[in-house]
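In what follows, a single structure is set out as structure tokens and then discussed.
Just so you know, all these numbers are worked out from the coordinates, no wet-lab data involved. Quick caveat: nothing in here was measured; it's all calculated off a predicted structure. Glycine gets a Cβ as well: all are built from the backbone with ideal geometry, and neighbour counts include every protein chain shown.
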Amino acid sequence: MNQQFELFEIANPCIGVCQSNKKGYCFGCLRSRPERQLWHEMTTEQRREVLRLVSGRKLRIEQMRQRKGEQLGFDFEEVVETGELF
């Protein structure tokens with residue numbers, strides 16, 4: 001198999017938040033503990049795979065937030081017709 005030559009190193013996705021949820025995923029970069037701890041030892045292919053996983057995690061979070069917004073959203077501009085009570 002032909003190996004692709006990398007001109008640039010894949011940058012660390014850390015944004016300096018460095019706080020984890022109870023499952024161990026960082027709130028800032030969405031990497032797991034092992035993904036963060038082993039980043040500097042990973043090959044380019046492994047780093048690409050981590051970034052692919054992070055991208056999927058971001059997408060799922062955005063979809064979850066959108067669904068939650070749709071469920072909890074209110075349209076305050078909408079005029080609601082109410083009937084007479086008495």
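Computed quantities for the displayed model
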read-out: Sequence ranges 11-21, 39-49, ranked by mean other-Cβ count within 10 angstrom, highest first; value: 39-49, 11-21
read-out: Karplus (6.51, -1.76, 1.60) ³J(HN,Hα), θ = phi - 60°, over region 61-70, in Hz, Gly and Pro reported as x; value: 5, 4, 5, 5, 5, 5, 4, 5, x, 5
read-out: CYS14 versus LYS58: modelled label distance in nm, points set 7 Å from Cα along the beta carbon direction; value: 1.9 nm
read-out: Net length gained if the chain between LYS22 and GLU49 were fully extended (0.36 nm per residue, minus Cα distance); value: 7.4 nm
read-out: 5 angstrom amide H check on SER20, placed H, neighbours 5+ away; value: PHE27
